[in-house]
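A short write-up of the structure that comes next.
The values are calculated or read from the model by the stated rules, or taken from the named source; none is laboratory data. Nothing here was measured: the structure is a model prediction, and the numbers come from that model. Cβ sites come from the backbone with ideal geometry, for glycine too, and all protein chains shown count toward neighbours. Keep in mind that these areas ignore ligands, DNA and RNA; they rest on the heavy atoms of the full protein, side chains included. Shrake-Rupley method; radii C 1.70, N 1.55, O 1.52, S 1.80 Å.
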Amino acid sequence: MSSRDFLGEFEHIVVLAVLRLGDRAYGVTVRQEIEFRTKREVSIGAVYATLDRLEAKGYVKSSLGDPTPERGGRSKRFFHVAAEGVAAVNRTHRVLQSMTEGLKLVERNS
Amino acid sequence: MTQVSVVQPPHIAVWLLDLFITEKQRESIHGDLFEEFSGLASKSGVVSARRWYWRQSLKTIAHADTGFRAAPLRIAGAVLLGLLLLWVGFPLPGRAILAIVVRYRYRFQGAGVPARFIGVVCVPLAIQIGTVIVAMSVGCVVAVAAKGAEMIATMMLSLALSALAVLAHLDLMWVMLHLPYYFFLLQHEVVFLAFSSIAIVIAGVIIRMSRSSAAYRFSGA
């Protein structure tokens, strides 16, 4: 199994954010969703670098919206997760579950 | 309409960001940052929004290696081509200027220009200017070859030139450490190297800006 079959930590977070946002997923909302959920500041550059990498792997697809005045006349680039992306998320979850199975993480932290 | 809605993000940050992001990311990153900046300016004030914009821009530039990862072979090829051109091109101004001096030395003497002034001031200065022009020309070629990653390619070439120059002048550093009297030799080399390295990066900026303005004209047409 190649390393491409699993998502990296930030890739995983970005794909989950795009899945949560559905039709509203573009740079601003993805960045804000990640900041809101992870409580850490994320740069728009990091989000786009990851989304471009995921798009190159075929895990997400993007399309341009119409230009809007609140964006200075620029278009939004909307993202949605492709079937291969959903499969990659599932594989990553299964591997993480398998790796954590039997570990008493909750008890140790409490 | 409130005053906040016409507030623009810091121009220098926008310009810097534009130099480093890829063509594909330009429209969406500028639009996203502008949208969030406008919201922040009306909520938290312009100063805070500008600080946020700068922070986001610098962090985004730090991810500019994306451009390298997108086309590593093209960029590496452009940098190698640049090093080859510098290797071939750097001796040319010296040869040309010395040939001119040898050919027209009698005219210089006839014009009353002291030979020592020509040898100590004019020739080294002319060679340095010529070498910086060569470095800038090579920077332009590299930037054109590394389409879309002009800044990464020219900065890599500049760093490679500096590293090679340091290796090549280790002997000079040894001399300088043992004979501080010859410190001026190292100073001369450092200044020459700094100007050449800066010229290469400036060439990258020029090519990138001309490409950006051409893209804007094209999209606006």
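Out of curiosity, is residue A:51 closer than 26 Å to residue B:9 by Cβ, open to solvent by less than 40 Å² (accessible area, probe 1.4 Å), out of contact with any Gly (no Cβ under 6 Å at 6 or more places or on another chain) and aliphatic (A, V, I, L, M)? Taking the combined requirement at face value, the residue satisfies it. Among the residues of this structure, residue B:92 does not count as one that is touching a Leu at 6+ places or on another chain (Cβ under 9 Å), open to solvent by 50 Å² or more (accessible area, probe 1.4 Å) and modelled with pLDDT of 90 or more.
Among the residues making up the range B:3-14, a single one is touching a residue at least 40 places away in the same chain (Cβ under 8 Å), surrounded by fewer than 18 Cβ atoms within 10 Å (Cβ to Cβ) and not hydrophobic (A, V, I, L, M, F, W, C): B:10. Select from the range B:101-124 the residues that are open to solvent by less than 90 Å² (accessible area, probe 1.4 Å), within 21 Å of residue B:188 (Cβ to Cβ) and under 34 Å from the mean Cα position of the chain (by Cα) and list them in ascending order. The answer is B:101, B:118, B:119, B:121, B:122, B:123, B:124.
For residue B:48, indicate whether it is closer than 30 Å to residue B:7 by Cβ and within 13 Å of chain A (Cβ to nearest Cβ). When the stated conditions are applied, residue B:48 does not pass them.
For the range A:6-22, the condition holds for at least one residue, the condition being that it is within 18 Å of residue B:39 (Cβ to Cβ) and not hydroxyl-bearing (Ser, Thr, Tyr). Residue B:86 is checked against (1) within 14 Å of chain A (Cβ to nearest Cβ); (2) touching a residue at least 60 places away in the same chain (Cβ under 8 Å) and fails just one. What number does that condition carry? Tallying (1) within 14 Å of chain A (Cβ to nearest Cβ); (2) touching a residue at least 60 places away in the same chain (Cβ under 8 Å), residue B:86 fails exactly one: (1). Looking at the range A:81-103, can you tell me whether even one residue there is within 21 Å of residue B:14 (Cα to Cα) and without any contact (Cβ under 8 Å) to a residue 60 or more places away in the chain? Among the residues of the range A:81-103, not one is within 21 Å of residue B:14 (Cα to Cα) and without any contact (Cβ under 8 Å) to a residue 60 or more places away in the chain, which makes the answer no.
The rows are residues; the columns are (1) at pLDDT below 95; (2) farther than 30 Å from residue B:144 by Cβ; (3) in contact with a Cys (Cβ under 7 Å, 6 or more places away or on another chain); (4) part of a helix (DSSP H, G or I).
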| site | (1), (2), (3), (4) |
| --- | --- |
| B:15 | yes, no, no, yes |
| B:18 | yes, no, no, yes |
| B:39 | yes, yes, no, yes |
| B:53 | no, yes, no, yes |
| B:59 | yes, no, no, yes |
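Residue count for the range B:178-201, restricted to those that are at pLDDT 75 or above and among the hydrophobic types (A, V, I, L, M, F, W, C): 10.
Restricting the range B:15-39 to residues that are more than 8 Å from every other protein chain (Cβ to nearest Cβ) and over 18 Å from residue A:50 (Cα atoms), the residue that is surrounded by the most Cβ atoms within 10 Å (Cβ to Cβ) is B:37. Residues that are out of contact with any His (no Cβ under 8 Å at 6 or more places or on another chain) and over 23 Å from residue A:5 (Cα atoms) within the range A:31-62 comprise A:31, A:32, A:33, A:35, A:36, A:37, A:38, A:39, A:40, A:41, A:42, A:44, listed in sequence order.
Among the residues of the range B:51-60, the one identified as open to solvent by 10 Å² or more (accessible area, probe 1.4 Å) and facing another protein chain (nearest Cβ under 7 Å) is B:59. For residue A:102, the criteria (1) part of a helix (DSSP H, G or I); (2) loosely packed, with under 15 Cβ neighbours inside 10 Å hold in every case but one, which is (1).
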